[in-house]
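Take a look at the structure below.
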Amino acid sequence: MVYSTPSQYIDAIAAHDVEWPTKYDDMFPYADHEAAYWTGYFTSRGNDKKYIRDGGHTLHSSNKLFSIAGLDRFIGDDFIDELVKAKEDMMDTVGITQHHDAVTGTGKQHVANDY
């Protein structure tokens, strides 16, 4: 075994003269039952995807503000605890919305309602 680059790996595989099968069909559209297709992950629920991006940007910006406020020596421990709680709540919310069912937009309607 050696640590290699991607091109070294491809060259080593090619040296074996293996004929790899070619797949001509596609697994999409996938359906778990009639008229319930799991497609459109690039285009479905565009507003939700925008909200998810905005939430990530807000979290990133607020982390800077939380850090600056946390460094202020004139604020009390209770306020620091509130800052940490607010930051954790925001991180949880953004993390949940970035779940694969939310960010792809392919979740079922009752799942989308939860997000």
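The values are calculated or read from the model by the stated rules, or taken from the named source; none is laboratory data. Treat the numbers as computed from the prediction; the structure is a model and nothing was measured. In this analysis, Cβ positions are derived from the backbone assuming ideal geometry, glycine residues included, and neighbour counts consider all displayed protein chains.
Across the range 54-101, the number of residues qualifying as touching a residue at least 12 places away in the same chain (Cβ under 8 Å), of a type in the set (D, E, K, R) and out of contact with any helix residue (DSSP H, G or I) (no Cβ under 6 Å at 6 or more places or on another chain) comes to 0. Being surrounded by fewer than 13 Cβ atoms within 10 Å (Cβ to Cβ) and modelled with pLDDT of 80 or more is not true of PRO29.
With ILE80, ILE68 as the choices, which residue is surrounded by 10 or more Cβ atoms within 10 Å (Cβ to Cβ) and more than 25 Å from the chain's Cα centre (by Cα)?
Numbers: ILE68 fails: surrounded by 10 or more Cβ atoms within 10 Å (Cβ to Cβ).
Only one candidate qualifies: ILE80.
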